[in-house]
Amino acid sequence: MPFVDEYVEMHQQFEFSYFLIGLLEISLRNKIPITLSEKCGSSQPYWYSQLPLNERGQISLMRALQINRKCPENYLPLSFWRFLLSNKNYGSLWLPSLHRIFPEIPSPKRMNIFKTIDKNMDTALRLRNSVAHFNCDALSTMPYSQMRVKWLLTNLGVDKQLFYQRDLR
């Protein structure tokens, strides 16, 4: 059973990756609704009321609302948050409000900063999928992917000690 042996050898990398993804997802689900609520003000009752969602995002939001109408953010997948931070939403979400969720980045509205966040979010989602589906081939790129997720976490204002104390390298 070479795949089982390979997984046993790599489980710490998988475990640490999933830990980082968990920190990222929880940070996004805490920060994005608050920031979007501030943007809406009293004109919209919910932070998600005017989001420019694709079909997949609409389905995710509807499912989350069916589970919990008061806090759907707790039931939205990482791919939902990743879409909000994708290049499709630079003008509609990033410039007016979402740039504020990254307090550690000076001049976060710059396009090159946004592109870096977009790329790092893509890497984070791929890392999440590799770990969730036990893709042993992804081990060679895991340290690089972890580094990109740590960059996101640091710039979201997450305490570095939470994840650098556990770092396996």
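Read the figures in this text as sums done on the coordinates, not as results from a lab. Given the structure is predicted, the values throughout are model-derived calculations rather than measurements. Heads up, the Cβs are rebuilt from the backbone with ideal geometry, glycines too, and the neighbour counts pull from every protein chain shown.
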Seminar exercise, completed: For the chain, the longest principal axis of the Cα atoms and the Cα long axis of helix 111-132 enclose an angle in degrees, to the nearest 10, of 50 degrees
For this session: Springs between alpha-carbon atoms under 10 Å, Gaussian network over the chain: tell me which of GLN13, GLN58, GLN146 tops the mean-square fluctuations.
Result: GLN58
Seminar exercise, completed: Using alpha carbon centers only, region 115-147 is separated from region 9-26 by a whole-angstrom value of 10 Å
Seminar exercise, completed: Nearest-0.05 FRET efficiency for ASN74 and GLU9 at R0 = 41 Å, using Cβ-Cβ distance, is 0.75
Exercise. Between LEU65 and ASN112, what FRET efficiency follows from the Cβ-Cβ distance if R0 is 45 Å, with the result rounded to 0.05?
Worked result: 0.80
Problem set entry | Neighbour-count order for ILE105, ILE59, ILE21, fewest beta carbons within 10 angstrom listed first | ILE59, ILE105, ILE21
Exercise. How far apart, in nm, are two points set 7 Å out from the Cα along the Cα-to-Cβ line at LEU95 and at LYS160?
Worked result: 3.3 nm
Exercise. If you wrap the chain's Cα atoms in a convex hull and average its projection over all directions, what's the area in nm²?
Worked result: 10.9 nm²
Exercise. Kirkwood Rh, region 13-87, all Cα pairs: how many Å?
Worked result: 13.1 Å
Problem set entry | Total formal charge among the other residues, if their Cβ is under 14 angstrom from that of ASN54, Lys/Arg +1 and Asp/Glu -1 | +2
Problem set entry | Using alpha-carbon coordinates, inclination of helix 55-67 to the longest axis of the chain, degrees | 90 degrees
Exercise. Shape call for region 82-161 from the C-alpha gyration tensor, a ≥ b ≥ c root eigenvalues: rounded (a/c under 1.5), prolate (a/b greater than b/c) or oblate?
Worked result: prolate
Exercise. Relative to the longest principal axis of the chain, what angle (0 to 90°, nearest 10) does the C-alpha long axis of helix 2-40 take?
Worked result: 10 degrees
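Test of understanding: ordering ARG69, ARG128 by Cβ neighbours within 10 Å, fewest first, what list do you get?
Working: ARG69 9, ARG128 23.
Least crowded to most crowded, the residues run ARG69, ARG128.
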Problem set entry | Per-residue ³J(HN,Hα) for region 145-162, Karplus 6.51 cos²θ - 1.76 cosθ + 1.60, θ = phi - 60°, Hz, x for Gly and Pro | 5, 4, 4, 5, 5, 4, 4, 4, 4, 4, 7, 6, x, 6, 4, 4, 4, 4
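Only counting other Cβ atoms within 10 Å, I'd like TYR18, TYR164, TYR48 sorted with the fewest neighbours first.
Final ranking by Cβ density, sparse to dense: TYR164, TYR18, TYR48.
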